[in-house]
Structures are given as structure tokens and as C-alpha cells.
Amino acid sequence: MATPDHHTGGVMEFPNFTSPPVVELVLGVQFAPLPNLTTGHYGLFWQSLGDEWTGPADALPIEDQFELFDPAPWSNPGAFSIRLQPVRLPGRFTLEHRDQHQMLQLQQTRFHLNWRKRNGFYPSYRSLISQFEDTYARFTDFADRSGIGKLTPNQWELTYVDAFPQGEYWNTLDDWSSFLPGLFGTLRPADGLALERRSAEWSFEIVPRLGRLHVTAQTCCR
């Protein structure tokens, strides 16, 4: 449940949920490649953060994504395609916060802060966006002082991952139309058929061409 929105001094307050289904929140920025970034800079930035961050690890880079609004008339977004490109070095560098709920991800074109539900409560978007802005500002300052290059953002990203356990929110796949109204309709399979899997994707433009909202719903971990 949520408390109603209200305004204080012209600033709208965010709703507060007592038991949100959020299991992960990702706040990220994508920017033009930093040509001078090396693996050594990862270690120096980690050192500048202090002992709150630990567990360094390497991972493959996340592919760049761009929300385009004028695709070529012959393009087909859903078509199968193969892309051959050299491996980008250095790769992705990750750190884990000592509370084990947060993770930082850095690469030549991205900076991400992840919150992942463990045994604690969801700290709210307001708290996490404040930490993201603070840590991103520190990385921006570090990049400038270290001669890595100036960060030029080309896309901002916000991802929520929600979980609705079977038995708590729904029992059969047809129940999705009840707790996700407006997204799923009622299914009436023919006799002798039993629905085993259900999924769907939606994309909404944030008008006028400010970005997109992507929604994906699917069964998981059954």
C-alpha cells in the first residue's frame, strides 16, 4: 500500500510503499567512451571510495544501447541479427558494498549503481538516487583529475525488477489479468490445453521523444 502524493513547498513527495515487490533497482548513465581509461584507474577509483566498497571483480562489458526515434524505414527491431566487433578493453569492473545490498559497475561507457534485495528493506528511490548522484559526481571528478576524459552522457537508465511469487500474488497464469490489470487480458484456452508459460513486452514513448518506458513480464524461477 502507498501513502498519497502531496506537495510541500511546490515539491511533490514520492509515494511510500509499506511492502513493495522490488527486488532490484539499477540507476545508470551511459556516456561517450573514455579513451584513456585503464584497469589501473579502476583500482585508483576504488581506493578513493574508502573501505565501504569491497569484492572487486571483472565482467564482460555491457553493450551500449540508444533510444532512437527515427529508425530507417527498412529496419526490423525484432529481426535476428549478428554483430561482429572487437572485445572492448578494459572490461567491466564491479564492486560490492559492505552491506551486500549495493553494487557499483564501471566500464568505458557506463556507470551503474545496483540495489539488490537481501534481508533488508527497500530504502526508497529517494535514498538511492541521492547515493547514485553522489558517487557518480565522485567518479566524474576522478576522471577529470586523472586525465581519463570528460564524461559526456548520452543516455540515462532506470530499471526496476519486481517479483510476484506464485501462491502469494497469483496461482494460475490466468490470474495475471487480476493483479496486472490493463496489461493482460483473460485467457480461455480450448479444452485439452493447459497454459504453461506466459510472457509479454511493451514499449511506451515518453512524449515528446524524451525517452522510453520498457515493460517485460514473464514467469521465472519456477
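The values are calculated or read from the model by the stated rules, or taken from the named source; none is laboratory data. Remember, predicted model here, so these are calculated numbers, not experimental data. All Cβ positions, glycine included, derive from the backbone under ideal geometry; neighbour counts span all protein chains shown. Surface areas here come from the heavy atoms of the whole protein model, side chains and all, with no ligands, DNA or RNA. Shrake-Rupley method; radii C 1.70, N 1.55, O 1.52, S 1.80 Å.
Of note:
- Pairing residues of segment 108-119 that are within 18 Å of Pro153 (Cβ to Cβ) and among the β-branched types (Val, Ile, Thr) with residues that are in a strand (DSSP E or B) and open to solvent by 10 Å² or more (accessible area, probe 1.4 Å), at Cβ distances under 9 Å and at least 6 apart in sequence or on separate chains, gives Thr109/Asn154.
- Filter pass, Thr219 being β-branched (Val, Ile, Thr), open to solvent by less than 80 Å² (accessible area, probe 1.4 Å), over 28 Å from Gln65 (Cα atoms) and at pLDDT below 95: no
- Residue pairs whose Cβ atoms lie under 7 Å apart, separated by 6 or more positions or on different chains, with the first residue in segment 37-58 and assigned to a loop (DSSP other than H, G, I, E, B) and the second open to solvent by 70 Å² or more (accessible area, probe 1.4 Å) and not aromatic (Phe, Trp, Tyr), are Glu52/Arg98.
- Among the numbered conditions (1) farther than 19 Å from Glu157 by Cβ; (2) modelled with pLDDT of 90 or more; (3) of a type in the set (Ser, Thr, Tyr); (4) not in a strand (DSSP E or B), the only one that Ser75 does not meet is (2).
- Residue check for Trp202: over 24 Å from Phe111 (Cα atoms), open to solvent by less than 70 Å² (accessible area, probe 1.4 Å), aromatic (Phe, Trp, Tyr) and part of a strand (DSSP E or B): yes
- Of the listed requirements (1) touching a Leu at 6+ places or on another chain (Cβ under 8 Å); (2) of a type outside the set (Val, Ile, Thr); (3) under 30 Å from Thr39 (Cβ atoms); (4) open to solvent by less than 90 Å² (accessible area, probe 1.4 Å), Arg138 misses just one: (4).
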